[in-house]
Each structure stands twice: as C-alpha cells, then as structure tokens.
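The structure appears right after this line, and notes come after that.
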Amino acid sequence: MGIKLAKDGVPSPKPVQLQFTLTQNEQAMNGVVQQAVVTIGSAVINLSGTYQTSGASTALNMKVVGNAVSINELEAFLPSVGVHLPTGSRLQGGTLTTSLAVTGTSAAPVISGPVRIDNTVLAGFNLGSKLGALSSLTGGRIGSSTGSGTTIRSLSMNVREEGGNIRTDNIALDVAGVGTATGAGSVSAGGALNYNVVLKLTGLMGGGGGTQQASSGGGAVAGLAGALGGFIPGGGAGGAALGGLAGGVLKAGIPVAIGGTTSNPTFSPNVAGLAGAVGANAAKGLLGGQLGGQQKGKTPANPLGNALGGLLGKH
C-alpha cells in the first residue's frame, strides 16, 4: 500500500504485490527480467525485458502486458500512475487490455503502446449533458439515455507518455446513448486537455422524445440545417439543399474540440473542422447541381466559398 509511480500520482490505497525472476551480469551492469508479475487484488499484469546501467542512469527496454484485466481491481490504483478521472466520477466494471513498451531511462521512462477498454461505466459523469453545447447544431438533446453515468462499450487508442505529457492517437470510442468518436489529442503534465474528435451521433432526442439516428433526416438534420442557414449567405431560402448538406455533415460526423482539464473536461463544436465538413459537402452539392437557389439552369455562384466564409465570419 502507498505506492506512487507517477510524479503527480496519489499513493495507492490498495496493496500491490511484485514477484520477479531476473538474471544480472554484475560486470556488464545489465540484466534480464525473465518474468515479473504485478498483482493488484485479482488483477495480474506481466512484465519482461532488459536493463542496462551506466553510471547514475539505467536504460530500460521492458514490456508490460495486461489481458482483460478487471477495471474494478485497477480503479483504486489508477491515481498512483497519474490517471485522474473527472471530479466525482469512477470507473465501474469492464476490462483493460494493453501491451506497453517501456523505454528511455528509469529516471525518464517513455511508455507507449495500444490500450483497450471494454464494457465499463464512468459513474458520476454524464457525457450527454456535457455535449449540450451541440444542441444548437442538432436541434435535439444528446444522449439523454446516458443518465448520471456514461456507459463505454469500447475505447481503444495508442498512448505515448513522456515527461508527464500524454499523447493519444487512433482513438476509437463507442458510448451507449451518444454514438462513436474518433480522433487524437494530448494531456499535458498539468492535466490540460487538447483533443479534436469527430463525433457520429446516434443518441439524438427530437422534440417528440423519440430516439433518432443522426443520418435519418429527422430533427437532427432539421436543427443543423437551420443553423447552417444562418451561417451561409442566402442559406435561409435553400431548405431542401440545406437539409441535404446538414444530413451529409451529420453522417460524416461533427468535429468536436475537447478542452478543460482531466478533472473538468469541456466539449464544444470545432468551428474550423465544421467549416471544412460544410465546405466539403457544399462542394459535393455543387458538383451534383444540388445546392441553393436551384432554378432550372442555374447554379449557385460559389456555395463552397459562401459556406466557409459564412461559418468563419460568424465565429
């Protein structure tokens, strides 16, 4: 008990056991960790690899492997390795699978590799309410079914931690009642978040209270079309065209910026990313002859420029 493995970590309230077998060459000052097992409750994590000591520095080349490890057993241990969840929340249930490489030195290790979490609940954190800023774009409440907790069906990513800073790439997240997200970003040593993801919504609630698919052309499409009508010059008159444009954007996904801190994350539409999505869909509409003011034989002068200019000009 009381172990702390990260600079900003909190001593673990849970006992951690370590059993290992190693071979060391005293003359060469190096060694091989043939088998090491870390046990936290019933959770088992395996370590293996080599090390080389030179003066005050010890170079590492280790592997850390956990296969379907119980998150309930790990949850109390996470703060000791510098993992901080949103204030008032905790992970319940599910498993963690990872295969991490530990390189660098014992004083400044670099940890990298894939991490996957399955079927867990972030209790005490309502992601649906946090995404309320998107309601002006979608015309409906997002993820009302998430309740007071957030059910994570799956989360996978590639992680790299160095000097207290964490970079995560190839994020793929599936949240019940909300949808899926892909993207990348970073967490600073101080806990500041800087993420850009693309969110495909499946948990939109329209005015009638029924769940709608984001790409089905319901209240979500109408809501985003209304918002785009205000962004695009002359857009108010292009109802059908704007509906198609909005449907395309929702189907492709809404760019979302995640900021704030690990203890209090914030979520907001990524205007630059949304402008790109709108512009791409406007261009497709132009090529297909489907946008704005479509009287026979007429094509809008520059729907792509109008879409981008209107969006960026209003923010």
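The numbers here are math on the coordinates, done by the rules we state, and not lab data. Note that the coordinates shown come from a computational prediction; the quantities given were computed from them, not determined experimentally. As a convention, Cβ positions derive from the backbone with ideal geometry for all residues, glycine included, and neighbour counts pool all protein chains shown.
Structural remarks
- Stretched out straight at 0.36 nm per residue, the stretch from Thr105 to Ala68 would grow longer than its current Cα-Cα span by 10.5 nm.
- Spin-label pair Thr266-Ala252: with each label point 7 Å from Cα along the Cα-Cβ axis, the two points sit 2.7 nm from one another.
- Between Val37 and Ala192, the contour length at 0.36 nm per residue exceeds the Cα-Cα span by 52.5 nm.
- Placing pseudo-labels 7 Å out from each Cα toward the beta carbon at Val44 and Ala28 gives an inter-label distance of 3.0 nm.
- A simple count of charges around Gly113, restricted to other residues whose Cβ falls under 11 Å of its Cβ and scoring Lys, Arg +1 and Asp, Glu -1, yields +2.
- Entries of Lys63/Lys130; Lys14/Lys63; Lys14/Lys130 with Cα pairs more than 26 Å apart: Lys63/Lys130; Lys14/Lys130
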